[in-house]
Amino acid sequence: MWGIAGSEVNGGDSTELTTDDAPKLSAIEGSKRLAAWTAVDRHVKSEHKVIGIGSGSTVPYVVERIVAQGREANKDRVFIPTGFQSKELIVKGNLLLGDVDQYPRIDVTVDGADEVDKDLNCIKGGGACHLREKVLAEAADTFIVVADYRKNSDILGTTYKAGVPIEVAPFAYAKVLQNLHAIGSPSAVLRMAQKKAGPVVSDNGNFIIDAPFPEEDMQDPYTLLTKLKMLTGVVEVGLFCHMAKAAYFGNQDGSITVRWLDGNREELSSLSSPMPVGDEKNPLDYANGNDVDVNELEPKA
Ligand SMILES: O=C[C@H](O)[C@H](O)[C@H](O)COP(=O)(O)O
């Protein structure tokens with residue numbers, strides 16, 4: 001038995017997964033971890049030296065599994081963050097930090113998603129990180145999405161109701177809001193901060209608008225994306241179209257659904273290699289005493 005010492009991650013429900021090889025987590029957190037670990041085992045290979053790390057509550061499990069590959073596997077790798085949170089994960093995991101201006105070509109980027117449709121188009125940006133996330137997804141030879149079962153949809157907007165996250169230059173937000181109201185999103189709003197008066201400010205110093213669109217628009221996210229990108233003042237849109245090679249969804253029963261860009265689908269009954277790759281040591285032993293506690297690394301609301 002191994003895992004993150006002393007960390008039971010709170011996931012919003014209290015059902016527990018009870019596998020022998022892992023600490024007990026809520027069903028949702030267990031699903032995130034299954035997706036993340038399986039994707040890392042299959043796509044973060046020894047020949048991959050430049051690795052993009054996404055943002056959100058699923059990504060700490062990605063970093064956890066990469067750390068578990070061991071010091072030898074990670075010693076000549078560089079990790080590129082998509083924002084403050086993933087930078088912290090990389091640093092606390094004792095992994096080498098780089099940036100995309102040094103490494104504009106990335107071997108593989110692994111990231112979460114707010115929702116994924118039948119064609120692997122994604123809504124991203126629930127954590128306001130989608131500009132950097134899209135740059136790292138586009139810079140990567142392989143872009144892989146990891147999520148729990150709630151994100152697996154046919155049409156975007158089915159479960160993620162907040163709308164399409166749109167990063168805007170602050171001085172242009174009122175004009176862009178007006179544009180959005182006029183083109184089919186009458187309830188588009190500026191995202192406000194929870195524990196600060198005023199709007200959410202992204203890692204790039206910009207504002208975020210959340211723009212819900214009707215199902216007919218969400219059925220063709222690429223057309224919507226091109227329309228939104230034409231609005232002056234829009235920096236980036238949280239619709240990721242035709243980018244992901246595969247999406248991994250952890251399920252409540254401990255299985256994993258993998259959907260591929262070519263339409264193929266796999267149902268895996270469980271994690272293929274439950275122990276850390278090449279070593280049975282607790283992965284946190286590799287962090288030179290800097291334990292990676294995913295509770296600490298969860299994005300703060
Ligand atoms: O801006 C945030 C990102 O796009 C996240 O990857 C997305 O919100 C999914 O996060 P989570 O894994 O917490 O559902």
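The values are calculated or read from the model by the stated rules, or taken from the named source; none is laboratory data. This structure is a prediction, so every number in the text was calculated from the model and none was measured. Quick reminder, even Gly has a Cβ in these numbers, built from the backbone with ideal geometry, and neighbours come from all protein chains shown. Keep in mind that these areas ignore ligands, DNA and RNA; they rest on the heavy atoms of the full protein, side chains included. Shrake-Rupley method; radii C 1.70, N 1.55, O 1.52, S 1.80 Å.
Sort out which residues of region 92-118 are touching a His at 6+ places or on another chain (Cβ under 8 Å) and more than 16 Å from the ligand (Cβ to nearest atom), and write them in order of number. Listed by number, the list holds a single entry, 107. If residue 60 passes every condition in (1) within 12 Å of the ligand (Cβ to nearest atom); (2) surrounded by fewer than 22 Cβ atoms within 10 Å (Cβ to Cβ) but one, which one does it miss? Status for residue 60: all satisfied but (2). For region 129-139, the set of residues classified as within 8 Å of the ligand (Cβ to nearest atom) and open to solvent by 10 Å² or more (accessible area, probe 1.4 Å) consists of 129 only. Of the set (1) within 12 Å of the ligand (Cβ to nearest atom); (2) under 27 Å from residue 206 (Cβ atoms); (3) of a type in the set (Lys, Arg); (4) open to solvent by 40 Å² or more (accessible area, probe 1.4 Å), all apply to residue 150 but (2). Scanning region 183-210 for residues that are more than 13 Å from residue 130 (Cα to Cα) and among the polar types (S, T, N, Q) turns up 185, 187, 194. Any residue at all in region 172-183 that's at pLDDT 95 or above, touching an Asp or Glu at 6+ places or on another chain (Cβ under 8 Å) and crowded, with 21+ Cβ neighbours inside 10 Å? No, the conditions are met nowhere in region 172-183. Being closer than 22 Å to residue 203 by Cβ and basic (Lys, Arg) is the filter here, so list the residues in region 112-147 that pass it. The answer is 124, 132, 134. Whether a residue is free of Cβ contacts under 8 Å to residues at least 40 places away in the same chain, more than 18 Å from residue 37 (Cβ to Cβ) and under 14 Å from the mean Cα position of the chain (by Cα) was assessed, and residue 87 passes this test.
One residue alone among 138, 167 is touching a helix residue (DSSP H, G or I) at 6+ places or on another chain (Cβ under 8 Å), modelled with pLDDT of 95 or more, among the acidic types (Asp, Glu) and within 22 Å of residue 220 (Cα to Cα), and that residue is 167. Does residue 67 satisfy the criteria of being more than 16 Å from the ligand (Cβ to nearest atom), at pLDDT 95 or above and outside any strand (DSSP E or B)? Criteria met by residue 67.
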